[in-house]
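A short reminder: the numbers here are calculations on the coordinates, not readings from a lab. Because the structure is predicted, anything quoted here is derived from the model rather than measured. Every residue, glycine as well, gets a Cβ built from its backbone with ideal geometry; the counts of neighbours run over all protein chains shown.
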Amino acid sequence: MLNQNECSKQKSKQEQPGRPSTVVPPHPAQTRPVRRIGTMTMGLTLVLVGVVLLIYFVHPFNLVWIARFAPVLLIVLGIEVLWQYFANRGQNLHYDFLGTVFCAFIICFAIGVSAAYPLFLKYGNNWRLEESLDSQIYDQLYTELSDLPIYSLEVSTSLVSATPETQSFTIADLDSIDHVRLYVTLKDIPDKQTFAVQVRTLLDRLEAMSYPNLIVEAEAYSSDAEYSITLRDRFMMKMSAPEIAEETYVDPIEEETYVKQAAEPTVGDSSTTQDM
């Protein structure tokens with residue numbers, strides 16, 4: 001009985017409020033560290049960009065050629081994802097908000113630059129070279145065709161063979177894949193037959209210049225019509241004057257007529273005022 005009483009007293013003391021609990025909490029389970037995907041790619045990208053800019057400031061070069069390596073960022077990011085997955089067996093992988101945004105930016109940047117790079121090859125640096133070449137061809141034609149009845153001349157070139165590294169371009173550098181287009185307006189043309197003869201003479205003079213993929217758009221005006229023709233390939237360049245006349249488009253010019261209407265009397269006109 002005493003033993004039971006002592007046990008009950010000890011039990012009641014343990015259950016009294018305010019006394020610290022002597023129960024030992026269970027040992028917390030160890031958790032594996034969270035692996036953040038994108039950190040290595042972000043760090044590597046920042047290092048590469050910093051190195052490239054540092055080299056550029058010390059020794060300037062054309063930054064455009066680096067754009068062709070933009071897909072490497074996708075490869076690096078994919079390698080990091082696979083490495084983290086297999087190294088941690090797919091557990092405790094975490095894409096935090098900053099890493100996710102940065103990875104999305106890398107993907108969009110790589111895809112965008114990869115798509116824009118061919119466009120830059122075609123249009124980025126070519127406009128300056130094309131303007132210079134247009135001026136060269138114009139000066140050459142002005143010298144060679146000054147005796148022909150040409151009212152105006154416009155030159156438009158399309159350079160396909162030029163690259164971003166091309167710093168200058170001359171007529172001698174024209175390749176078979178480039179294009180030259182001429183817009184010619186002739187003067188002193190009384191009829192379609194005369195227009196065809198002048199166009200044939202123009203083509204004969206242009207043949208010696210050997211412009212690649214040459215297109216000639218010729219037009220002229222007379223007192224009653226407008227004549228125009230577009231010669232797009234070598235076969236059309238070989239047409240005779242009568243054939244050119246047949247292919248010439250004639251747009252009649254209508255003489256403007258003005259109809260004079262009699263003036264109507266207005267209120268207060270002296271001619272309609274009655275004497276009181």
For region 127-252, what's the relative contact order in percent, using C-alpha pairs closer than 8 Å and at least 6 residues apart? 23 percent
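Give me the extension gain from Ile79 to Met237: residue separation times 0.36 nm, minus the current Cα-Cα distance, reported in nm with one decimal.
Working: separation 158, 0.36 × 158 = 56.88 nm, distance 5.79 nm.
Taking Ile79 through Met237 to full extension adds about 51.1 nm, to one decimal.
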Size of region 127-252 along its principal axes in angstrom, Cα-based, largest extent first? 51, 26, 24
Roughly what would the spin-label model give for Ser228 and Gln193, points 7 Å off Cα along C-beta, in nm? 2.5 nm
What spacing in nm lies between the two simple spin-label points modelled at Thr201 and Ile171, each 7 Å away from Cα in the Cβ direction? 2.1 nm
